[in-house]
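K.L.:
For reference, the structure I am asking about is given below.
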Amino acid sequence: MFALNLFLSHFISDYAFSNVYSEKFLSRENYYKHLIWVVLVFLGISYDFVLSGTFILILLGIGLHVLSDFYRMKKGSTFISETVVMAVFFIISLLSKNLFSGSYITGYFQFYLVGMILATSFLSYIFRFLNIIPRERKDTTGATERLVIYIFATVSPLKIQLTLIAVALGFAYKFFIEKNRSKELFLSPVLGIAISFLWNLIII
């Protein structure tokens, strides 16, 4: 299993609990808040390498992430730019996997976390990119719904009944409480299930 420390750090920093389209996220005046989060994530994922030579690579990863943030502030978020930066971090992670061998976060769990963010926060980004949900809107309900689906769909043995209950409850809440009638009402659980079960096949 690959050591995805740097890729995971970047992925979490930009997409977990964040909306790269929001004006607040793109504000230079508020950037120090995101920068603190970035440093904490990068060091938290790889804290056991802080006193080793690998720490230089961690600092370079932070620097690269900061550069991508300032590029986004200047040019805005585009699917191509976001994908390119993620690809760069993924390639760096593959090339440096030996330097992060023995990480306290195992390769298996790192891959599990990547799938979790992919099914929750990053899917929210895709919905915003495709204008399925407004770009400034939070997606707390949808992301939470998909998080529960992901957890139930990736345990062993598969909790199909609990997964379906999570889908039904999420649908009912959005339909009756939030009065949601958009495409997201159906796409969120369907794609959440698809990604979760696909990821489960990959990691088992």
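Just so it is clear, none of the values below were taken in a lab; they were calculated from the coordinates. Small disclaimer: the values here were computed from a predicted structure and weren't measured. Neighbour counts are summed over all protein chains in view; Cβ atoms, including those assigned to glycine, are modelled from backbone coordinates with ideal geometry.
K.L.:
Binning at 10 angstrom from zero up to the longest distance, how are the C-alpha pair distances of the chain distributed in percent?
P.N.:
8, 32, 33, 21, 4, 0
K.L.:
Restricting attention to segment 17-62, which trypsin sites (Lys or Arg not before Pro) occupy a DSSP loop and are surrounded by at most 13 other Cβ atoms within 10 Å?
P.N.:
In loop regions of segment 17-62 (DSSP not H, G, I, E or B), the sparsely surrounded trypsin sites (Lys or Arg not before Pro) are Lys24, Arg28.
K.L.:
Under unit Cβ charges (Lys, Arg +1; Asp, Glu -1), what dipole magnitude, rounded to 20 debye, does segment 1-103 have relative to its Cα centre?
P.N.:
My answer is approximately 160 debye.
K.L.:
Among the listed pairs Lys24/Lys74; Lys138/Lys159; Lys33/Lys74; Lys33/Lys138; Lys74/Lys183; Lys138/Lys174, give every one whose C-alpha distance is greater than 20 Å.
P.N.:
Lys138/Lys159; Lys74/Lys183
K.L.:
Continuing with the same structure: What's the Kirkwood radius of segment 34-87 in Å, using all Cα pairs?
P.N.:
12.1 Å
K.L.:
While we're on this one: So what is the calculated 222 nm ellipticity per residue for the chain, using -39500 (n - 2.57) for each DSSP H run with n of 4 or more, over all residues, to the nearest 500 deg cm²/dmol?
P.N.:
One gets -21500 deg cm²/dmol as the mean residue ellipticity at 222 nm.
K.L.:
Here's a follow-up. Got a sec? Charge dipole of the chain, +1 on Cβ for Lys and Arg, -1 for Asp and Glu; which of Leu99, Ile12, Ser52 is way out at the positive end?
P.N.:
Towards the positive end, the residue furthest out is Ile12.
K.L.:
How would Asp139, Asp14, Asp48 line up from fewest to most surrounding beta-carbon atoms within 10 angstrom?
P.N.:
Sorted ascending by nearby Cβ count, the order is Asp48, Asp139, Asp14.
K.L.:
Moving on. Report, in degrees rounded to the nearest 10, the 0 to 90 angle that the Cα long axis of helix 79-95 makes with the longest principal axis of the chain.
P.N.:
Approximately 50 degrees, to the nearest ten.
K.L.:
Per q in 0.11, 0.13, 0.23, 0.24 1/Å, what log10 I(q)/I(0) does a Debye calculation on the alpha-carbon atoms of segment 1-119 return?
P.N.:
-0.34, -0.48, -1.42, -1.52
K.L.:
Which whole-number percentage describes the relative contact order of the chain, with Cα contacts under 8 Å and a sequence gap of 6 or more?
P.N.:
Contact order relative to length: 27 percent.
K.L.:
Let me ask something else. On a 0 to 90° scale, report how tilted helix 31-45 is relative to the longest principal axis of the chain, with both axes built from alpha carbons and the result rounded to the nearest 10.
P.N.:
80 degrees
K.L.:
Now for a different question. Could you give the length gained on full extension between Phe55 and Lys159, defined as 0.36 nm per residue of separation minus the Cα-Cα distance, in nm?
P.N.:
That works out to 33.4 nm of additional length.
K.L.:
Looking at segment 3-66, what % of the alpha carbon pairs are farther apart than 16 Å?
P.N.:
In whole percent, the share of Cα-Cα pairs in segment 3-66 beyond 16 Å is 43.
K.L.:
Moving on. Along the three principal axes, how long is segment 106-204 when you take its alpha carbons, biggest first, rounded to the nearest angstrom?
P.N.:
38, 28, 16
K.L.:
Let me ask something else. Helix 160-172 versus the longest principal axis of the chain: what is the Cα-based angle in degrees, 0 to 90, to the nearest 10?
P.N.:
The helix 160-172 is inclined about 70 degrees to the chain.
K.L.:
Further question: Tell me, Glu23, Glu184 in order of fewest to most beta-carbon neighbours within 10 Å?
P.N.:
Ranking Glu23, Glu184 by Cβ neighbours within 10 Å, fewest first, gives Glu23, Glu184.
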